[in-house]
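Here is the structure we will look at.
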Amino acid sequence: MSNAPNIFGGMCPIPIKDYPTITLAHGGGGRLTQMLIEQMFEPAFRNPALQILHDGAIFRATGRLAFSTDSFVVSPLFFPGGNIGSLAIHGTVNDLAMCGAQPLALAAGFILEEGLPMADLWQIVQSMRRAADTAGASIVTGDTKVVDKGKGDGIYINISGVGAIPDGVDIAPTRARPGDVILINGDIARHGIAVMSVREGLEFGTTLASDSAALNHLTARVLAAGGADVHVLRDPTRGGPASALNEIAGQAGVGIELDEKAIPVRESVRGACEILGFDPLYVANEGKMLAIVAPEQVGAVLAAMKAHPDGKEAAIIGRVVAAHPGRVLLRSRIGGQRVVDMLSGEQLPRIC
C-alpha cells in the first residue's frame, strides 16, 4: 500500500497502490464511492455540517442572503499560481462577494473522469480546502459522479455558495449612475495569460503566475469604507473588464469611459498579449474586482483597497457618463478614442 505526497502537505489517504486512478466504480454508489467520500473528501473539508453525511446540509442564517453557482472546466488542471480546485473556490466566493456578501456555506459537485490520477485529485482537494479556509468558508455538502474515460477532461467542478449580505449594502449593476468613478484592485489579464502559457507550452522570458484569489475580505473593506456609495461590484472573469463593463453599461443605461494609460497591466503580460494578438481588456481574470463608486467616497475606497494585499496596485480607470448609453469608450495612450465592444466569441476558452 502506497500513499502519494502533495505540495500542500500530508499524504493522500486512499491506498494509491490499489487505486492509483479514478475508476467507474468510484461513482457507482458502493464501497469505492464510500472510500472516496470517507477518505478523500470528508477529511479535507471536515466541519460539523458535512460530518453528518446527509443528502444536504443544515445551517442557520438570518437576514438577506446571496446565492451563486459556478462550474469550472479549466484546461490544464494545474497552472502556475493554482489549479482547478483553488480556482473553483475563488470563483464562487468572488461571485458572492460581488453581491456584497460574505460566504456562509459552499457545496462542491465533482465530475471525475475514469483514469484521473488519485494523487492529482488529492492535490486539487487540498487546494480547495486551503482556498476555502483563507476565504473563511466551509464546504458543507457535495456530490460526486464518474464518467467514462475520454468524456470528462480529468475533472469538472461545480461550486454553489450561500452568503450573508450586511445591512445597508445594496450592490447591483443597475445602480451605476453618471458621475460614478470606476476602480480596479490591480493589474489585469495575469490569470488568463498564465493558464494560456502552460496550455500552449509558451515561454515569455519570465514566469507568469495566476493571481487567482478570494476577494471577500477585500470587498468587506471596500464596503466598510464606501458604504451605500459603493454602487456596483463585478469580477471581470470570462471576457475580462471589457465584457463586464459593457454588461453594466447596458443594464444601467449609462455610458462608460476608460483611460487606457490608467489601466494597470504588467509589462510581461502586455508583451505576451502583443505576441499572441490579444487585447488585455478581454482576457479573463480571477482575482480582480471592478468597483463603481460615487465620487464622494472614491478616496476612501481607493485607500481601503491599497491597504489590502490584494488591492495594493488599485487604480482609478474610468468614469460613468450620461453620454452614449450602453457603450464603453476607451481613450487610448496616444489620445484617440475607440469603442470597446463585446466579443462575439471567446479569446481564450477554458480559462475558468
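Remarks
- Cβ-based exposure ranking for Phe110, Phe72, in which fewest neighbours within 10 Å come first: Phe72, Phe110
- Under a 5 Å amide H cut-off, with hydrogens placed 1.01 Å from N, Leu116 pairs with Ile22 among residues at least 5 apart or on other chains.
- Only Lys, Arg, Asp and Glu carry charge here, each on its Cβ (+1 for the first two, -1 for the last two); on that basis the chain has a dipole of about 320 debye about its Cα centre.
- Restricting attention to the chain, lysine pairs at least eight places apart or on different chains and with alpha-carbon atoms under 26 angstrom apart total 8.
- Orientation-averaged projected area, Cα convex hull of the stretch 109-201 (nm²): 10.1 nm²
- Taken over the chain, the percentage of Cα pairs per 20 Å bin, counting from 0 up to the bin with the maximum distance, is 30, 54, 16, 0.
- Calculated from backbone phi, Karplus (6.51, -1.76, 1.60) coupling profile of the stretch 265-273 in Hz, x at Gly/Pro: 9, 5, 4, 5, 6, 4, x, 4, 5
- Dipole axis of the chain (+1 Lys, Arg; -1 Asp, Glu on Cβ), positive-most option in Ala252, Ile14, Phe67: Ala252
- J(HN,Hα) series, the stretch 179-192, from Karplus relation 6.51 cos²θ - 1.76 cosθ + 1.60, nearest Hz, glycine and proline x: x, 5, 10, 9, 10, 9, 8, x, 5, 9, 6, 5, 4, x
- As a size descriptor, the averaged projected area of the C-alpha convex hull of the stretch 121-265 was calculated at 12.2 nm².
- The stretch 255-352: trypsin sites (Lys or Arg not before Pro) in DSSP coil with no more than 15 other Cβ atoms inside 10 Å: Lys312, Arg333, Arg350
- Think of the stretch 24-165 as having a plus end and a minus end, set by charges on the Cβ of Lys, Arg, Asp and Glu; of Gln51, Gly91, Trp122, Gln51 sits farthest toward the positive end of this dipole.
- Here the label points at Glu247 and Ser268, each 7 Å from Cα along the C-beta direction, are separated by 2.9 nm in the simple model.
- Think of the stretch 173-339 as having a plus end and a minus end, set by charges on the Cβ of Lys, Arg, Asp and Glu; of Gly318, His217, Gly186, Gly318 sits farthest toward the positive end of this dipole.
- Geometric descriptor of the stretch 24-165, per residue, is 99 Å³ (volume of the convex hull of the Cα atoms).
- Bridge orientation summary for the stretch 24-165: considering DSSP beta bridges with both residues in this region, about 70 percent are antiparallel.
- With R₀ fixed at 25 Å, the C-beta to C-beta distance from Gln337 to Ala307 puts the FRET efficiency at about 0.15.
- Principal axis extents of the Cα atoms in the stretch 173-339, from largest to smallest and rounded to whole angstrom, are 45, 35, 25.
- Local net charge near Asp180, Cβ-Cβ under 10 Å (Lys/Arg +1, Asp/Glu -1): +2
- Sorted by Cβ density within 10 Å, fewest first, the residues Ser68, Ser86: Ser68, Ser86
- Each of Ile334, Ile37, Ile157 was scored by other Cβ atoms within 10 Å of its Cβ. Listed from fewest to most, they are Ile334, Ile37, Ile157.
- Placed amide H near Ala213: partners under 5 Å, 5+ positions off or other chain: Gly287
Bear in mind these aren't lab numbers, they're just calculated from the coordinates by the rules spelled out. Just so you know, these numbers come straight off a predicted model, no measurement behind them. Heads up, the Cβs are rebuilt from the backbone with ideal geometry, glycines too, and the neighbour counts pull from every protein chain shown.
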